[in-house]
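Everything on this sheet refers to the single structure shown next.
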Amino acid sequence: MSGGIPWEVARQRVLDGVRPLPARAIAVKEALGYSLAGDVEAPEAMPPFDNSAMDGFAVRSADVAGASEESPVTLDVVGEVPAGRGEPGTIGPGCAARIMTGAPLPGGADAVVMVEHTDAWDAAGRRSRPPDPEGRIRIYRSSSPGANIRRRGESVAAGSVMLPAGQVIRGAELGLLISVGVSEVNVHSLPRIGVISTGDELIPADQTPGPGEIRDSNRPALLGRLAEHGLLTLDLGHVPDEEAALERIIRRGAAESDFLLTSGGVSVGDYDLTRRVLARLGNVESYRVAVKPGRPQAFGWIEGTPAFGLPGNPVS
């Protein structure tokens, strides 16, 4: 077993030793937890149209230039634009349209004034109220072109790479893909990870330990951690310190999983059989990592399957 190496080097050794599984196309709604096999280009822009980022009034910025609390600007309210209600219409000089967050910007408007900056705002009740009976609104603050507007394609331009190859699909990515009309993506298949625990000292979790015995906690912990990441697992059980049995289960794990994890038996003791069996069955190197606990580790390949040997100390 070689001398201690930095954990960054040990980690990179494992990363360099694995490759993505073959790609396949799946529905976006089923892609949570998968990694993309290629870049995804946006078929549509997001937002798909210029829209309001605030509840307020769509205006022509030139009409509200110089507006202030002391010198408000009065505009005629010529319409209302809720989100999702068809064409937004057009406003002319001296006019405004009541607009809701997410609603499309009316023609002629180039800014949105927040409702809080108008006399349609009830400060005491923290809510908006209708314009005055004559359909006019007083604006208390000027607004520059583009203010409080989300432009078409501001978040994602049509045809742009919205997610790169290798990106893991989480909730945010899922929503982004759906928002621009992507229904199917190419992803790498999820690997199946085989997990083995070894050692005569281990007993099932539901038993009371006798002298020198401990409960088999590493295997459930590893299986649980893998499941948290959405990975497929293969529970290969517990193997005592018996070389033939250990060889049999490691061979099975290499044949039936895409990555093999073993717990225990990778140090240099007389009963550390996992290290010996791994080395005999494939190209697996044992080494020490500059961490404590967790110093003894092993990594390599058994019949083309990556195998990672972890120490048995539950704290490591």
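If you scan the range 41-78, which residues turn out to be hydrophobic (A, V, I, L, M, F, W, C) and open to solvent by less than 20 Å² (accessible area, probe 1.4 Å)? Hits for the range 41-78 are Ala42, Ala45, Phe57, Ala58, Val59, Val64, Ala67, Leu75.
Listed conditions (1) open to solvent by 30 Å² or more (accessible area, probe 1.4 Å); (2) touching a helix residue (DSSP H, G or I) at 6+ places or on another chain (Cβ under 7 Å); (3) at pLDDT 95 or above are all met by Ile193, apart from (1). Working carefully through the options Leu260, Leu273, find the one that is touching a residue at least 60 places away in the same chain (Cβ under 8 Å), over 30 Å from Ser35 (Cβ atoms) and crowded, with 21+ Cβ neighbours inside 10 Å. The conditions single out Leu273.
Within the set Pro131, Pro88, the sole residue that is modelled with pLDDT under 85 and open to solvent by less than 50 Å² (accessible area, probe 1.4 Å) turns out to be Pro131. Taken across the range 161-177, residues that are among the small types (Gly, Ala, Ser), loosely packed, with under 13 Cβ neighbours inside 10 Å, within 22 Å of Asp39 (Cβ to Cβ) and touching a residue at least 12 places away in the same chain (Cβ under 8 Å) do occur, with at least one present.
Can you name the condition, by its number, that Arg150 falls short on among (1) open to solvent by 40 Å² or more (accessible area, probe 1.4 Å); (2) over 30 Å from Asp63 (Cα atoms); (3) touching a residue at least 12 places away in the same chain (Cβ under 8 Å)? All conditions are met except number (2). Among the residues of the range 250-271, those identified as under 11 Å from Gly194 (Cα atoms) and in a loop (DSSP other than H, G, I, E, B) are Ser257, Asp258. Taking the conditions (1) surrounded by fewer than 21 Cβ atoms within 10 Å (Cβ to Cβ); (2) in contact with a helix residue (DSSP H, G or I) (Cβ under 9 Å, 6 or more places away or on another chain); (3) more than 23 Å from Arg13 (Cβ to Cβ) in turn, Arg280 satisfies each one other than (3).
What residue, among those in the range 217-249 that are of a type outside the set (A, V, I, L, M), more than 17 Å from Arg275 (Cα to Cα) and assigned to a strand (DSSP E or B), is nearest to the chain's Cα centre (by Cα)?
The extreme case among them is Thr233.
Scanning the range 14-26 for residues that are within 23 Å of Ser183 (Cβ to Cβ) and open to solvent by 40 Å² or more (accessible area, probe 1.4 Å) yields Pro20, Leu21, Pro22, Ala23, Arg24, Ala25. The residues in the range 92-118 that are open to solvent by less than 20 Å² (accessible area, probe 1.4 Å) and farther than 15 Å from Ser52 by Cα can be counted, and the count is 1. If you filter the range 119-128 down to residues that are in a loop (DSSP other than H, G, I, E, B) and open to solvent by less than 50 Å² (accessible area, probe 1.4 Å), you find that the one that is farthest from Ala45 (Cα to Cα) is Gly125.
I'd like to know if the range 133-146 contains one or more residues that are under 37 Å from the mean Cα position of the chain (by Cα) and acidic (Asp, Glu). No, every residue in the range 133-146 fails to be under 37 Å from the mean Cα position of the chain (by Cα) and acidic (Asp, Glu). Residues that are among the aliphatic types (A, V, I, L, M) and over 27 Å from Gly33 (Cα atoms) were ranked within the range 229-256; the one that is surrounded by the most Cβ atoms within 10 Å (Cβ to Cβ) is Ile250. Taken together, the residues in the range 21-35 that are at pLDDT 90 or above and closer than 20 Å to Phe259 by Cβ amount to 6.
The values are calculated or read from the model by the stated rules, or taken from the named source; none is laboratory data. Everything numeric here is computed off the predicted structure, so don't read it as measured data. Cβ: placed from backbone, ideal geometry, glycine included. Neighbour counts: every protein chain shown. These area figures cover heavy atoms from the full protein model, side chains too; ligands, DNA and RNA do not enter into them. Shrake-Rupley method; radii C 1.70, N 1.55, O 1.52, S 1.80 Å.
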